[in-house]
1. Please tell me if L128 is open to solvent by 40 Å² or more (accessible area, probe 1.4 Å) and either among the hydroxyl-bearing types (S, T, Y) or not in a strand (DSSP E or B) (or both).
2. Output the residues belonging to region 444-456 that are near the ligand (Cβ under 8 Å from one of its atoms) and of a type outside the set (G, A, S).
3. Mind checking which residues of region 406-428 are free of Cβ contacts under 8 Å to residues at least 60 places away in the same chain and closer than 30 Å to F20 by Cβ?
4. Please determine, by comparing only the residues of region 373-396 that are away from the ligand (no atom under 16 Å from the Cβ) and touching a residue at least 60 places away in the same chain (Cβ under 8 Å), which one is most open to solvent (accessible area, probe 1.4 Å).
5. Please enumerate the residues belonging to region 428-457 that are open to solvent by less than 20 Å² (accessible area, probe 1.4 Å) and over 28 Å from S106 (Cβ atoms).
6. Residue by residue through region 303-347, note down the ones that are within 16 Å of the ligand (Cβ to nearest atom) and among the aliphatic types (A, V, I, L, M).
7. Is there a residue being out of contact with any strand residue (DSSP E or B) (no Cβ under 8 Å at 6 or more places or on another chain) and assigned to a helix (DSSP H, G or I) anywhere in region 438-447?
8. Here is a list of conditions, (1) under 17 Å from F101 (Cα atoms); (2) not in a helix (DSSP H, G or I), and T58 meets all of them except one; can you say which number that is?
Amino acid sequence: MARSLISAGNRLREAIEGWFQAVFSSKYNPANYLGAVILFFMAVVLVSGIYLFIFYETNADRAYGSVESLTHDQWYAGGLMRSLHRYASDGAMLALILHAFRQLFSFRFQRNRWVAWVSGGGLLLVTLIEGISGYWMIWDTRAAWIAIRSVEFLDALPIFGEPLARAFLVNEAVSNQFFFVILFLHLFLPIPFVFAFWIHTTRVSRPIWTMPRNVLYAISLILFVLSAVKPALSEPAANLRMLPGQIGIDWFYLFLYPFFDMVSPAWAWIAFTAALAVSTLVPWLVPAGKRRAARINLRACDGCTQCYLDCPYEAIHMQARSDGRPYAKEAVVVAARCSSCSICVGSCDRAGVELPDFANLAFRRRMRDLLTPDDGTGRPRILAVRCEWTVPMEPERASPNVRPLTLPCVGFIQPRTIQHAIKLGASGVFVVGCRMGDCHYREGNAWVEQRLAGARRPSLDPGRVDPARVRAAWLAGAQTDALKRELDRFEADLKRLPPPSRPVHPGAGTGATIPNSQNRPSAPEVIAHV
Ligand code: FES
């Protein structure tokens with residue numbers, strides 16, 4: 001049930017992102033840079049917050065006036081800073097929520113990623129409390145409403161001797177200490193945020209900290225225009241003797257308060273605790289199938305470091321050689337960090353890394369079994385290698401000349417695999433992976449694209465495999481029409497080639513290790529971006 005719901009959400013996500021992809025291309029699609037977008041907004045919040053703090057008066061009688069003065073007397077600086085502070089906070093929360101849903105719908109919380117999921121939840125919670133405390137500091141009618149509902153919520157817990165709500169019975173009861181506490185909370189919360197952020201990114205190689213300049217300029221422009229056209233304003237000054245009338249709500253941060261208005265604090269706690277528990281436990285409620293961690297075959301490892309460089313989760317490190325062989329280093333897999341994505345398998349053309357559940361030998365046998373039977377149609381025989389997260393390709397629904405083979409990620413593919421497939425009788429190899437920027441394991445499709453283009457080791461050697469026999473397409477799960485179109489096009493192109501009776505390079509197809517070739521005659525044009 002939960003799995004079906006998440007899958008339905010993923011179809012919606014892919015459809016929306018597909019639209020973004022079509023408009024902005026994968027390079028400029030903001031959905032591919034949500035982490036960097038959050039960081040950018042946080043930086044704006046920090047800078048504008050420092051400015052506002054200089055003029056803010058931590059005093060029950062003057063807090064409201066100081067904010068009003070900032071907003072109106074120096075609208076060109078303080079007012080602008082306040083609006084930037086508000087809209088950047090909203091932007092950060094929006095990007096956090098979108099990022100969380102993106103990870104949820106694409107099942108990127110399973111296996112080793114539970115750490116990122118749980119710490120991400122902590123980031124969301126801290127950001128929410130930070131935003132709410134910011135609204136308290138203004139001390140207008142909205143702040144009073146938030147304060148009263150919040151303390152009622154807290155008073156439902158049997159931990160306070162004196163009900164906190166007493167502090168908000170009349171205006172005179174609100175003390176300067178209260179403002180110090182709120183200010184302290186507002187200034188202190190960035191510390192747990194940074195800590196949670198560190199945990200969140202600690203198991204990720206090459207986190208995306210930056211975004212393309214065009215995306216940055218576009219987001220900055222929107223932020224400034226919004227701040228200028230619709231400046232952030234206060235409600236009337238807080239008056240605890242009067243019920244608040246119509247209050248403007250920032251739904252990014254205050255969405256819980258209308259709910260608090262409707263239910264008792266006890267029910268609010270029950271709902272809050274249940275929501276927190278269920279969302280935190282998602283990785284265990286919807287677990288991935290069991291798959292063992294990658295392992296290093298030391299007899300084949302020459303310590304080249306490529307698997308270490310390619311791993312998206314810092315699950316491989318290099319250590320001094322332990323087996324006396326004449327290499328300086330050897331690779332070691334940290335099983336607890338391994339997502340079993342198979343990208344490291346593709347990094348090593350010496351078969352020095354293996355995924356136990358996709359053992360190299362068994363994989364080759366599978367490839368041979370797929371490619372050996374003749375379908376009798378005379379059409380080019382195509383090995384279609386796909387990752388399990390892209391468009392489905394059931395063997396029974398594929399054309400008889402197309403032999404689909406599913407892998408955890410196309411990052412598994414090394415040029416020698418392609419060479420072997422051609423040797424086994426494939427006319428061509430068609431690689432189908434997730435959309436660029438959306439690889440389930442972050443970087444598998446990008447690495448394969450670079451390997452095929454000769455820009456990353458181990459790279460495709462056009463002296464051994466005719467680049468025209470290899471093509472790749474990066475597709476979302478629902479792009480079945482695009483897949484068919486690309487496959488038909490590839491088949492038509494293959495028909496124009498001579499039969500792949502023998503390897504292009506003397507000695508190719510012998511099963512010998514392909515040397516990494518960086519000085520290639522030409523980079524093949526094999527990538528289809530759809
Ligand atoms: Fe699809 Fe990596 S998981 S390309």
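The values are calculated or read from the model by the stated rules, or taken from the named source; none is laboratory data. For clarity, every value in this text was computed on a predicted model and none was experimentally measured. As a convention, Cβ positions derive from the backbone with ideal geometry for all residues, glycine included, and neighbour counts pool all protein chains shown. The area values use the complete protein model at the heavy-atom level, side chains included, leaving out ligands, DNA and RNA. Shrake-Rupley method; radii C 1.70, N 1.55, O 1.52, S 1.80 Å.
1. In short, no.
2. Those that are near the ligand (Cβ under 8 Å from one of its atoms) and of a type outside the set (G, A, S): N445, V448.
3. Scanning region 406-428 gives a single hit, T406.
4. Of all residues in region 373-396, those away from the ligand (no atom under 16 Å from the Cβ) come to 373-383, 394-396.
Those still in the list that are touching a residue at least 60 places away in the same chain (Cβ under 8 Å) too: 379-380, 382.
Details: R379: 87, P380: 14, I382: 1 Å².
The extreme case among them is R379.
5. Listed by number, the residues that qualify are G428, G454.
6. Correct list: A315, I343, V345.
7. Looking for residues that are out of contact with any strand residue (DSSP E or B) (no Cβ under 8 Å at 6 or more places or on another chain) and assigned to a helix (DSSP H, G or I), one finds at least one in region 438-447, hence yes.
8. (1)
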